[in-house]
Amino acid sequence: MAVPQSNIQSTVVVVGGGVVGCFTAYRLASMGAAVTLLEMGGPGSGATGNSAGNVQPASGDDDAYRIALGAESLALWRKHLPQIKEWGGVDYQEQDVRYLYAATNDPEEIDVRRILDDLRSAGLKAEWVDGETAREIEPRLSPSITGGTLHQDCIQMEPKLFMTALSRAASAAGANVVGGTQVVGLDIAAGQAKGVILQDGTTLECSSVILATGAWTSKLMSDWLGLELPVEPYGLQKLHLNLGTPPPLHCAVRWDGVNIVSRKDGLVHAGSSFDPAGFDTKPSLQAQEWLLERVAAIMPGLEPSGVENIAAFAASTPDRIPLVGPAPGVDGVFLNVPSTDGFLMSAALAEMTTQLLMNGERHPLMDRSPLARVDAG
Ligand SMILES: Cc1cc2nc3c(=O)[nH]c(=O)nc-3n(C[C@H](O)[C@H](O)[C@H](O)COP(=O)(O)OP(=O)(O)OC[C@H]3O[C@@H](n4cnc5c(N)ncnc54)[C@H](O)[C@@H]3O)c2cc1C
């Protein structure tokens with residue numbers, strides 16, 4: 001990685017090398033922009049590398065709008081993955097996954113049937129299965145399952161390996177990807193961003209700055225621009241379950257807010273629990289028990305022989321709508337911040353920001369985003 005010199009002119013500087021920043025740098029460079037990405041750790045060292053790597057529309061309490069947004073992002077993932085795989089040169093253990101959104105009683109059936117309608121309306125592949133059919137697909141599922149929505153349009157991958165591939169693909173597309181470099185401020189003159197200030201006091205000049213700084217964004221925007229943004233760090237915890245020799249799950253399951261999915265390396269991911277612990281997030285036994293209780297209830301036949309506990313923080317936004325678009329009150333600064341499903345949304349956010357900068361096209365999400373209602377003061 002080349003260290004940027006203060007006299008290098010980059011048209012665009014992306015701050016933050018998580019999945020959103022790297023995807024954005026990859027897309028902008030592919031479209032011909034001169035891009036430098038600055039990351040204070042390494043690619044994926046924030047929320048991204050600790051995530052489950054699910055590209056799964058409807059991974060939360062999502063309404064039809066968010067499911068459609070997820071479907072838009074999934075389509076972009078499918079479009080760009082072959083090139084990222086080729087240029088990245090890393091096997092990131094990608095797999096197509098089918099998720100059973102399981103119901104064990106009438107109110108749960110109403111919820112997962114609503115998800116079925118929303119998935120289908122968004123053009124995604126999903127069908128209703130009864131409990132017996134679900135257990136034929138995966139015999140370790142609980143007899144208490146009465147039915148569910150089988151969502152067959154999801155991808156899952158190993159996020160750390162994927163980030164190696166994506167950052168390499170961004171470099172191959174022409175982006176200057178720089179790790180170990182913290183941005184400590186913005187250089188602004190007459191209401192226009194002129195560059196970013198680095199930790200050593202030098203300035204990297206540019207005409208546009210994209211903040212893909214995840215959970216750090218609210219603090220940075222408050223310190224640098226005096227903007228109070230509706231985004232906060234939120235703790236998420238997941239488990240890696242070691243099953244020993246039994247075969248991987250034939251189908252992933254989602255129940256009571258928890259995803260249980262086999263990774264290609266044989267580990268089973270179970271997550272995530274959410275708590276507002278902010279930057280102090282650390283794995284807790286309480287969250288581990290909460291997750292294990294749900295695994296035991298919906299997949300009693302799983303019986304893991306080992307458990308690894310992982311916690312990290314991600315940005316959380318109102319109604320899980322991303323903060324995307326121009327920062328209010330200053331020209332040349334753009335935000336690109338997802339909520340707690342940012343792995344899924346990254347492809348769409350990268351595309352929206354790329355189209356805005358390269359072609360001046362505003363995606364309709366930018367008017368719906370909480371960012372559109374932020375007062376520049
Ligand atoms: C346990 C867990 C499981 C999850 N599972 C999923 C899932 O299956 N699917 C899904 O869609 N989402 C999932 N998520 C959420 C997802 O990980 C995040 O929404 C997503 O990774 C956010 O990506 P990002 O690029 O916006 O942020 P980050 O990955 O946090 O990247 C931001 C980067 O900015 C850098 N940075 C910050 N400030 C500066 C600065 N001043 N200068 C330079 N660099 C800076 C940080 O070092 C960091 O690398 C999960 C999260 C967790 C914690």
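Nothing in this text is a laboratory measurement; each read-out follows from the coordinates by a stated rule. Since we're looking at a predicted model, the values are computed, not measured. Note: ideal-geometry Cβ built from the backbone for every residue, glycine included; neighbour counts use all protein chains shown.
Observations on the structure shown:
- Here the Gaussian network model covers the chain, with springs between Cα atoms less than 10 Å apart; of 23, 313, 279, 279 fluctuates the most.
- Distant-in-sequence amide H partners of residue 153 (H built 1.01 Å from N, under 5 Å): 99, 125
- DSSP bridge orientation in the chain - percent antiparallel, rounded to nearest 5: 75
- Considering only the Cα atoms of segment 43-184, their convex hull presents on average a projected area of 10.6 nm².
- Each principal axis of segment 308-369 carries a Cα extent, and these read 45, 23, 19 Å when sorted largest first.
- Within the chain, helix-based [θ] at 222 nm, where runs of 4 or more DSSP H residues each add -39,500 (n - 2.57), nearest 500: -10500 deg cm²/dmol
- Taking amide H as placed 1.01 Å from N in the peptide plane, the amide H of residue 194 sits under 5 Å from that of 187, 188, 189, each at least 5 places away or on another chain.
- Shape analysis of the chain based on the Cα gyration tensor places the equivalent ellipsoid semi-axes at 37, 21, 19 Å, largest first.
- Using alpha carbons only: equivalent-ellipsoid semi-axes of segment 267-347, gyration tensor based, whole Å: 34, 14, 10
- Inter-label distance, residue 121 to residue 275: 3.6 nm, where each label sits 7 Å from its Cα along the C-beta direction.
- Over segment 151-249, Cα pairs under 8 Å with separation of 6+ residues give a relative contact order of 12 percent.
- Cα gyration tensor category, rounded, prolate or oblate, for segment 159-314 with a/c compared to 1.5: prolate
- Potential lengthening of the chain between residue 184 and residue 205 amounts to 6.2 nm, from the contour at 0.36 nm per residue minus the alpha-carbon distance.
- For the chain: relative contact order, % (alpha-carbon pairs under 8 angstrom, 6 or more apart): 23
- Rounded if a/c under 1.5, otherwise prolate or oblate - segment 105-156, Cα gyration tensor axes: oblate
- Think of each Lys and Arg Cβ as +1 and each Asp and Glu Cβ as -1; about the Cα centre, that makes the dipole of the chain roughly 800 debye.
- Here the gap between residue 110 and residue 331, fully extended at 0.36 nm per residue and compared with their Cα-Cα distance, gives a gain of 74.9 nm.
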